[in-house]
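Just below is one structure, and these are the notes that go with it.
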Amino acid sequence: MKLFVCGGAGFIGSTFVRQRMREHGDEVVVLDKLTYAGREENLRDVAGEPGFRFFRGAIEDPVAVVGVIEDCRPEAIVNFAAETHVDRSIAAPDAFVETHALGTYVLLEAAREHGLRYLQVSTDEVYGSIEQGTFTEDSPLRPSSPYSATKTGADLLVQSYFHTYELPAVICRGSNNYGPYQYPEKLIPLMILNAIHGDPLPVYGDGMQVRNWIHATDFSRAIGHVLEHGRAGEAYNAGGPDEQTNIDVVKRIVELTGADESQIEHVTDRPGHDRRYSLSSEKVRALGWTPKVRFQDGLEETVEWYRENGWWWEPIRSGDYREYYERQYGRALS
Ligand code: NAD
Ligand code: DAU
């Protein structure tokens, strides 16, 4: 296939690009705004390969989007482009509205105009929090944060383009991803790097919130399955094999890094914090997908990757991320 991957320089997008090029022989063109979270270094393994092209630009810019389509003639758009951090959406929601609402609209119009298939990468957070049981694709959408509310708006817009214009569009909703190349604002890489540096490990509230962890390679394979085999107009959940409390994840990272449990600090909780996410993935499993990476193995490998790839995170940890961290946590990194 020839894919137009938006947001392909981010954590999951770059994992997907590597996977599709290496394992499926796809050609890929990436459009990415290169926000603080997007880095061309994430794609250095495929940069220079004949089937790969990169353009810097925003999905809300129709000139950039149509320019790529006319230049590269892809068959399908896969949209990862998003503002992805819940805490940042609480502090400043504007970019979330612009990218998720306007950006998704621009991509859908371009797909309609040029006859392209469309896949929207979405999140379990559109369903809100669930104390018991699991969410299916038919569960009501009850997002809690500006991040998840704007992602939900994007999902609804995608479905409206299927119902109104018969656009062959599908949605794939993932649970919490982890793995190499994840920006260190997120729980797992933040805790790994703070543990290694002897910094405090800031656990929100009691740390008993539950997340359903999936390795980014497994989520990327689910997206590929939905793109190839999903039914137009449908959404598919892709959850990981393991649910864990945050405090258990942090304690395991302490063990794996040889840090000290006294580094753990319970800090003020996130406003509107969702208590538990849990996804049923039966529908995508019926398409032949199954997650391969066990959380304990994936976490160990991820810790190892961060230990061995200082070239990737050192520029982040010594750059703007320091200011973000100080604003968010009220203290400086070491
Ligand atoms: P990320 O923050 O690592 O990367 C996002 C990428 O999108 C970056 O490269 C950024 O530069 C780019 N981008 C942002 N705004 C853009 C715009 N307006 N135009 C073009 N590019 C833009 O995010 P991620 O964790 O890789 O998430 C990718 C997708 O997966 C998102 O849609 C997210 O909602 C979804 N998702 C993430 C998770 C998770 O746990 N990280 C789980 C489920 C779903
Ligand atoms: O569930 C899928 C979602 O997972 C994605 O759609 C989002 O893009 C992604 O950011 C992620 O959202 P979360 O808010 O669940 O991820 P985060 O890594 O920010 O937090 C995971 C849990 O850890 C959450 O309960 C909050 C908690 N946490 C997080 C940070 C950054 C802490 O306790 N301390 C922290 O410092």
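Quote to one decimal, in nm, the extra length available between Arg270 and Ser160 on full extension: 0.36 nm per residue of separation minus the C-alpha distance between them.
Contour length minus the Cα-Cα distance gives 36.4 nm.
How large is Rg/Rh for region 122-237, to two decimals, with Cα atoms and a Kirkwood Rh?
For region 122-237, the value is 1.03.
For Phe54, which sequence-distant residues (separation of 5 or more, or a different chain) have an amide H within less than 5 Å of its own amide H, given hydrogens modelled in the peptide plane?
The answer is Val30.
With a 10 Å radius around each residue's Cβ, average the other Cβ atoms per peptide and rank 45-52, 179-186, 88-95, highest first.
179-186, 88-95, 45-52
Taking the Cα centre of the chain as the origin, how large is its charge dipole in debye, to the nearest 20, when only Lys and Arg (+1) and Asp and Glu (-1) carry charge on their Cβ atoms?
Charge dipole of the chain: 340 debye, to the nearest 20.
What size of dipole, in debye to the nearest 20, comes out for region 152-234 about its Cα centre when the only charges are +1 on Lys and Arg C-beta atoms and -1 on Asp and Glu C-beta atoms?
100
Suppose all protein chains stay in the model; what accessible area per residue would a 1.4 Å probe give for region 179-334, in Å²?
Computed with neighbouring chains in place, this is 42 Å² per residue.
Roughly speaking, what is the centre-to-centre gap between region 307-334 and region 1-80 when only Cα atoms are used, to the nearest Å?
26
So what is Rg over Rh here for region 119-162, counting just Cα atoms and using Kirkwood for Rh?
Taking Rh as the inverse mean 1/r over Cα pairs, Rg/Rh reads 0.97.
Tell me the carbon and sulfur percent of the accessible area for the chain, rounded to whole percent, probe radius 1.4 Å.
Heavy-atom surface of the chain belonging to carbon and sulfur, 1.4 Å probe: 47 percent.
Given +1 on the Cβ of Lys and Arg, -1 on the Cβ of Asp and Glu, and no further charges, what dipole in debye does region 31-84 carry about its Cα centre, rounded to the nearest 20?
80
List, in order, the whole-Hz ³J(HN,Hα) value for each residue of region 232-242 obtained from phi through the Karplus relation with A = 6.51, B = -1.76, C = 1.60 and θ = phi - 60°; use x for Gly and Pro.
Karplus-based 3J(HN,Hα) across region 232-242 equals 3, x, 9, 10, 10, 7, 9, x, x, x, 10 Hz.
Towards the positive end of the charge dipole of region 59-217, with charges on Cβ (+1 Lys, Arg; -1 Asp, Glu), say which of Asn194, Thr123, Tyr161 has the farthest Cα.
Checked the options; the winner is Asn194.
Can you report the principal axis dimensions of region 1-139 using only the alpha carbons, biggest first, rounded to whole angstrom?
Sorted from largest, the Cα extents of region 1-139 read 48, 31, 30 Å.
Calculate, axis by axis, the spread of Cα positions in region 238-316 along the three principal axes, and write the results as whole Å, longest axis first.
Computed over region 238-316, the largest-to-smallest principal extents equal 43, 33, 25 Å.
May I ask for the Rg/Rh ratio of the chain, computed from Cα atoms with Rh as the Kirkwood radius, given to two decimals?
Across the chain, the Cα-based Rg/Rh ratio is 0.94.
Select from Gly128, Gly258, Gly57 the residue whose mean-square fluctuation is largest in a Gaussian network model of the chain (Cα-Cα springs shorter than 10 Å).
Largest GNM mean-square fluctuation: Gly258.
Name the residue farthest towards the positive end of the dipole of the chain from the options His225, Val267, Ser318, assuming +1 on Cβ of Lys and Arg, -1 on Cβ of Asp and Glu, about the Cα centre.
His225
For Arg73 and Glu326, calculate 0.36 nm times their separation in residues minus their Cα-Cα distance, and state this gained length in nm to one decimal.
Between Arg73 and Glu326, full extension yields 86.7 nm more.
Arranged from highest to lowest average of other beta-carbon atoms within 10 Å per residue, in what order do the peptides 211-219, 113-121, 271-279, 4-12 appear?
Ranking, from highest mean packing down: 4-12, 211-219, 113-121, 271-279.
Using only helices, what value at 222 nm comes out for the chain when you add -39,500 (n - 2.57) per DSSP H run of length 4 or more and divide by the total residues, to the nearest 500 deg cm²/dmol?
Dividing the helical sum by the residues of the chain leaves -12500 deg cm²/dmol.
The values are calculated or read from the model by the stated rules, or taken from the named source; none is laboratory data. In this text, all values refer to a predicted model and were calculated from it rather than measured experimentally. With ideal geometry, Cβ positions are generated from the backbone for all residues, glycine too; neighbour counts draw on all protein chains shown. Heads up: the accessible areas ignore ligands, DNA and RNA and are worked out on the full protein's heavy atoms, side chains in. Shrake-Rupley method; radii C 1.70, N 1.55, O 1.52, S 1.80 Å.
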